[in-house]
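Chemist: Before anything else, here's the structure in question.
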Amino acid sequence: MTRLTSSVSALSLVVALGAMVGAAGITPAAANDKLVELSKSTDNWPMTGKNYNANNYSEAKEITKENVKQLRPAWSFSTGVLSGHEGTPLVIGNRMYVHTSFPNITYALDLDDPGHIVWMHKPKQPATARAVACCDVVNRGLAYWPGDGKVPALILKTQLDGNVVALNAETGEEYWKVENSDIKVGSTLTIAPYVVKDEVIIGSSGAELGVRGYVTAYDVKTGEQKWRRYATGSDEDIGIGDDFNKDNPQYGQKGLGLSTWEGDAWKIGGGTNWGWYAYDPDTNLIYYGSGNPAPWNETMRPGDNKWTMTIWGRDVDTGMAKFGYQKTPHDEWDYAGVNVMMLSEQKDRTGKLRKLLTHPDRNGIVYTLDRTNGDLVSADKIDDTVNWVKQVDLKTGLPQRDPEFGTRMDHKGRDICPSAMGYHNQGHDSYDPTRQTFFMGVNHICMDWEPFMLPYRAGQFFVGATLNMYPGPKGDRQNYLGLGQVKAYDAINNKFKWEVMERFAAWGGTLATAGGVMFYGTLDGFIKARDSDTGELLWKFKLPSGVIGHPMTFTHNGTQYVAILYGVGGWAGVGLVFDLNDPTAGLGAVGAFKNLQHYTQMGGGVMVFSLDGKGPYSDPNVGEYSTKVIRAAN
Amino acid sequence: MTTSISRLLPISTALALAGVVGFAALAPALAYDGTNCRAPGNCWEPKPGFPAVIAGSKFDPKHDPKELAKQSESIRGMEERNAQRVANFKKTGKWEYDVKKIAD
């Protein structure tokens, strides 16, 4: 690039680039560019994963290994909502935008005086939405679209009742609102919206009620639907064209969305996507995973059940799939494949620089793919106790299952690892590009599984399995402790640099920083900081409630802050949220986490830390109603 | 893969192998490990003692077609209402969620 600019005049380069854009028929993506610029600054956290690479990595480095022990609360905010708080707040400029679980309140806070709520959006939703939510009434966050001069900057949100709402980012007023999912047929929304160019991408939830999953793109300026693609059904519905999987035909190509199902089972076959997205402006592909097939009882749905459980690379303009790799064909364990996709550029073992996608899956395998075409680069067990699969063939992509840990009618499968919660669930992990290391919050839970038959009724639960869950082999099975791990992973050399057990789980994910410190929250309510290189525990703080979201960091007025949502709940904490005691309740979560109640209770909010607690209220006069003190005369 | 095998073997041998492959695809798996594929991306096999097709078996869920149709009917309705809202927004510059309040 340096050579090019030195050989031509600046003006001619601009003209030439303009001609290229015109010839290629590509519209300059202004909103995209703004979001990319915003995400580069340590001042902002403009999307759930910090940037389009979804790496939860910040260049901020005021907080270091040496001084992290000086972190103290700078300020906090209660959301007033008790159930589980997943995801993380957004920060753009001097605003923090905070979301909550149902009733899906959105708050805008002023970073210069966060004690004053700038605006609040509290939608009215039918209470019946709660009844069809799978696993607590969570929500994973917000999206930001920066505006274009004609349309104001917008905050995009999803509601449990299935609506997608665009709010004026300055005022909180509703700009548009559309129906995406219908709770009458069991379809809800928990996913964080995802903005690319002038589109907002929305997933779907409800596979535990037999919902056929889909992903939809809306015009962010008008709410108009641009495209909708399904996980099952015809090639047209799924968005499969002639070049689908052209570099990996062994993954399967045409017709499989129907032919790998018996009869019309694909119509109620699940494959919803409620996890996280990533985007690469070079490939113009969005990346995400479709979830588990429905019902959980595998005997009721013969076939590979394409294209549930699939890592997708879709053209963001058309929704057409360039590649799809099904990780768990014919799932038998609810290893819903929706987890985070983190993008990196790394040299493979041959020294070739590649554009990679790394995905720690529920099934206990962490996959790395070439994100330009779907080539499988590595597939490593997240823990050596994974037992349903012996290995994954990197050429065919097929997992070689161990039949001993398969499930079927008239059989109780025992000690299957991972459990349905996966060795990794919805937590949004991080990647430190300077260390080429992924930091993963990992579950360590196994299960017994016994299927049963049930009819499909739209809007009713359609699971068909009874589960008992308990700590994995490395945990304390007598006392139901040791249910989680945190690991530092090298995807190229297929090794874990360090790992540590946790009492419960680091359910919400991790944050990586240029200061050489990584952060995460635990279900029992701690935020912890570890040395990114060694895993050494450097600092921790007890939060008011357990954590199921991921920490984030931002700088404001020259000070680096670390923020985290707290509020126990989600699938792991569903026993606390709904006061359940039967160990098989909550799809088996209640038994696994029966001791969580002795460590934390519900209550949601945001806690913000800085070195020595420096912040807006370091000057005690900030935010005061009056600074004039009237003293009594002597 | 099949192409390369057929190029290397006599036709009679290739046909015999094809027969074996075909039989294997139809017979119940001794142990389902997911690696015996009928076609790329189509590798499921019934487990020992279970039918290849559940319709008519004791595992037949006997789905009600009316129930199965409800999701697509619901989505069609939502898409139609959203289209009305968007058209009205483009026309008036004001968002109206309640489609009953949108004039034809």
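The values are calculated or read from the model by the stated rules, or taken from the named source; none is laboratory data. Treat the numbers as computed from the prediction; the structure is a model and nothing was measured. Methodologically, a virtual Cβ is constructed for each residue, glycine included, from the backbone with ideal geometry; neighbour enumeration extends over all protein chains shown. SASA here: full protein model, heavy atoms, side chains in, ligands and nucleic acids out. Shrake-Rupley method; radii C 1.70, N 1.55, O 1.52, S 1.80 Å.
Chemist: Amide H neighbours of A:Lys474 under 5 Å, counting only residues 5+ apart in sequence or on other chains, H built in-plane at 1.01 Å?
Modeler: Under 5 Å from the amide H of A:Lys474 lies no amide H from a residue far enough along the sequence or on another chain.
Chemist: Once you charge only the Cβ atoms, +1 for Lys and Arg and -1 for Asp and Glu, what is the size of the charge dipole of chain A about its Cα centre, to the nearest 20 debye?
Modeler: In total the dipole reaches around 620 debye.
Chemist: Could the peptides A:612-618, A:496-502 be put in order, highest first, of the mean number of other beta-carbon atoms found within 10 Å of their residues?
Modeler: On the way: A:612-618: 16.3, A:496-502: 18.3.
Per-residue mean Cβ counts within 10 Å order the peptides as A:496-502, A:612-618.
Chemist: If you don't mind, another one. Taking the Cα centre of segment A:167-312 as origin, sum charge times position over the Cβ atoms of Lys and Arg (+1) and Asp and Glu (-1), and report the length of that vector in debye to the nearest 20.
Modeler: 320
Chemist: Also, I was wondering about something else. Heavy atoms only, 1.4 Å probe, whole protein assembly: order A:Arg530, A:Arg354, B:Arg76 by accessible area, highest first.
Modeler: B:Arg76, A:Arg354, A:Arg530
Chemist: Let me ask you something else. Put +1 on the Cβ of each Lys and Arg and -1 on the Cβ of each Asp and Glu in the protein assembly as shown; which of A:Gln159, A:His121, A:Pro473 then has its Cα farthest toward the positive end of the dipole?
Modeler: After comparing all options, I get A:His121.
Chemist: Please list, ordered by chain and number, the residues whose modelled amide H lies under 5 Å from the amide H of A:Thr437; skip anything fewer than 5 residues away on the same chain.
Modeler: A:Asp432
Chemist: Here is a follow-up. Provide a whole-number value for the mean count of partner chain Cβ atoms within 10 Å of the Cβ atoms in peptide B:69-81.
Modeler: Average neighbour count from other chains, rounded to a whole number: 6.
Chemist: Using the Cα centre of the protein assembly as shown as origin and beta-carbon charges of +1 (Lys, Arg) and -1 (Asp, Glu), tell me which of A:Asn248, A:Val98, A:Asn292 is placed farthest towards the positive end of the dipole.
Modeler: Of A:Asn248, A:Val98, A:Asn292, it is A:Val98.
Chemist: What lysines sit close enough to A:Lys40 to cross-link, taking a C-alpha to C-alpha distance under 21 Å and skipping anything fewer than 8 places away on the same chain?
Modeler: Cα-Cα hits under 21 Å: A:Lys50, A:Lys61, A:Lys197, A:Lys355.
Chemist: Can you pull the mean other chain C-beta count within 10 Å for peptide B:50-63? Walk me through the intermediate numbers first.
Modeler: Values: counts 6, 2, 3, 3, 8, 3, 0, 1, 4, 9, 4, 15, 3, 10.
That works out to 5 on average.
Chemist: What GluC sites (Glu not before Pro) in segment A:91-184 are in a loop by DSSP, with at most 16 other Cβ atoms within 10 Å of the Cβ? Display every interim value, and only then the final one.
Modeler: On the way: sites: A:Glu170, A:Glu173, A:Glu174, A:Glu179; in loops: A:Glu170, A:Glu173.
Of the GluC sites (Glu not before Pro), the ones in loops of segment A:91-184 whose Cβ has at most 16 other Cβ atoms within 10 Å are A:Glu170, A:Glu173.
Chemist: How big is the B-A contact in terms of buried accessible area, both chains counted, 1.4 Å probe, rounded to the nearest 100 Å²?
Modeler: Its buried surface, counting both partners, is about 3900 Å².
Chemist: Next question, about the same structure. Within a 10 angstrom radius of each residue's Cβ in B:31-39, how many Cβ atoms of other chains show up on average? Whole number is fine.
Modeler: The shielding value for this peptide is 6.
Chemist: Mind putting a number on the dipole of segment A:290-364 about its Cα centre? Charges go on the C-beta only, +1 for Lys and Arg and -1 for Asp and Glu, and I need it in Debye to the nearest 20. Intermediate results must be reported in sequence, preceding the final value.
Modeler: Values: 11 positive and 10 negative charges, 89 e Å.
It comes to approximately 420 debye.
Chemist: Which shape class applies to chain A: rounded if a/c is under 1.5, otherwise prolate when a/b exceeds b/c and oblate if not, where a ≥ b ≥ c are the square roots of the Cα gyration tensor eigenvalues?
Modeler: The shape class here is rounded.
Chemist: Next up: Relative contact order of segment A:309-456: what whole-number percent is it, with Cα pairs under 8 angstrom and at least 6 residues apart? Walk me through the intermediate numbers first.
Modeler: Numbers: 307 pairs, mean separation 28.7, N = 148.
Reported as a whole number, the value is 19 percent.
Chemist: Using the heavy atoms of the protein chains and a 1.4 angstrom probe, tell me the accessible area per residue for the protein assembly as shown in square angstrom. Before the final figure, lay out the partial values.
Modeler: On the way: 28160 Å² over 738 residues.
In whole numbers, the protein assembly as shown has 38 Å² accessible per residue.
Chemist: Along the charge dipole of the protein assembly as shown, Cβ charges K/R +1 and D/E -1, which of A:Pro583, A:Val606, A:Ala458 sits furthest on the positive end?
Modeler: A:Val606
Chemist: Quote the relative contact order of chain A in percent (integer), defining contacts as alpha-carbon pairs under 8 Å separated by 6+ residues.
Modeler: Relative contact order of chain A: 15 percent.
Chemist: Let me ask something additional. Can you give me the Cα centroid spacing of segment A:306-328 and segment A:432-452 in angstrom?
Modeler: Each part reduced to its Cα centre gives a spacing of 22 Å.
Chemist: Arrange the peptides A:622-631, A:447-456 so that the one whose residues have, on average, the most other Cβ atoms within 10 Å appears first. Intermediate values should be presented prior to the final figure.
Modeler: On the way: A:622-631: 8.1, A:447-456: 19.3.
Put in order of decreasing packing, that is A:447-456, A:622-631.
Chemist: Just order A:118-130, A:228-240 by mean Cβ neighbour count inside 10 Å, highest at the front, would you? Numbers along the way, then the final one.
Modeler: Numbers: A:118-130: 14.8, A:228-240: 21.3.
Result, highest mean first: A:228-240, A:118-130.
Chemist: Rounded to the nearest 500 deg cm²/dmol, what is the calculated helix-only ellipticity per residue at 222 nm for the protein assembly as shown, with -39500 (n - 2.57) per DSSP H run of length n ≥ 4?
Modeler: That comes out to -4000 deg cm²/dmol.
Chemist: Read phi for every residue in segment A:623-634 and hand back ³J(HN,Hα) as whole Hz from Karplus 6.51 cos²θ - 1.76 cosθ + 1.60, θ = phi - 60°, with x for Gly and Pro.
Modeler: Values, residue by residue: x, 6, 5, 8, 9, 8, 9, 9, 9, 5, 6, 5 Hz.
Chemist: Next question, about the same structure. Rounded to the nearest Å, what's the spacing between the alpha carbon centres of segment A:219-251 and segment A:509-527? Just the number, please.
Modeler: Each part reduced to its Cα centre gives a spacing of 36 Å.
Chemist: Over segment A:151-262, what relative contact order in percent results from Cα pairs under 8 Å that are six or more residues apart?
Modeler: Relative contact order of segment A:151-262: 15 percent.
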